[in-house]
Amino acid sequence: ARSSAYLVTEALLPGVIVVSVQALVVTVIGQFALQLPFGKLVGLLGLMLVAGLAFVAVNHALVAWFGGAGRLVALGLTVLSLASAITAAEPALFGVLRVFSPLTPALDATRALLTESTGVATNLFLMIAWLIAGVAASAIAIVRNRTTGIAALVAEHGIAT
């Protein structure tokens, strides 16, 4: 009986809480390790929050659409992003697939923020696009599942429409 928007919010809320705490922890660790000026510290916290929210939304959408295989895809995207961020010795295919990971703009934005190079705004917009796409895909999956459930109920009980 609840709205699809409510169900999307309810599904995403636990992940949002977890990544919010993680963003704060990562920012505090970053402050201790790097002694960032206040402006960069706030920027880092904002980037970590948006990155976490985007990943939660995309992860939820993948699981809503593909079940357990969606979790595997999310894990693969994480490994892909981290491998390409840690070393330049990854296979060429990783470089091609890197753009399909919501973590890529997060890593690029963080690197740009900390090194004072360009690209923070562009990568922030990319993270926001991933966030919007993830929420939209989650909402569509929930609506699809609800519609399928109603259609199956109608067919099961022979209710004329």
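Before moving on, here are some points about what is shown:
- Given a 1.4 Å probe and the protein chains as shown, L131 ends up with an accessible area of around 40 Å².
- Per residue, the convex hull spanned by the alpha carbons of the stretch 53-108 comes to 69 Å³.
- 0 to 90° range, to nearest 10: angle between helix 4-34 axis and the chain longest Cα axis: 10
- For a modelled paramagnetic label at R146, 7 Å from Cα along Cα-to-Cβ, the residues of the stretch 46-66 in reach, with backbone nitrogen under 18 Å, are 61, 64-65.
- Rg and Dmax, both from the Cα atoms of the stretch 75-136 and both in Å, are 11.9, 35.
- Mean shadow area of the chain over all directions, Cα convex hull, nm²: 11.9
- Alpha-carbon Rg/Rh ratio, for the stretch 10-51, with Rh computed the Kirkwood way: 1.07
- In the complete set of protein chains, residue-level accessible area for M48 is approximately 40 Å², probe 1.4 angstrom.
- Rounded to 10°, Cα long-axis angle of helix 103-115 versus longest principal axis of the chain: 20
- 14 Å tail of the calculated P(r), the stretch 1-74, as % of Cα pairs: 66
- Percent of Cα pairs exceeding the 13 Å cut-off, where the set is the stretch 34-73: 59
The values are calculated or read from the model by the stated rules, or taken from the named source; none is laboratory data. Just so we're clear, the structure is a prediction, and the values are computed from it rather than from any experiment. In this analysis, Cβ positions are derived from the backbone assuming ideal geometry, glycine residues included, and neighbour counts consider all displayed protein chains. Please note that ligands, DNA and RNA were not included when accessible areas were found on the heavy atoms of the full protein model with its side chains. Shrake-Rupley method; radii C 1.70, N 1.55, O 1.52, S 1.80 Å.
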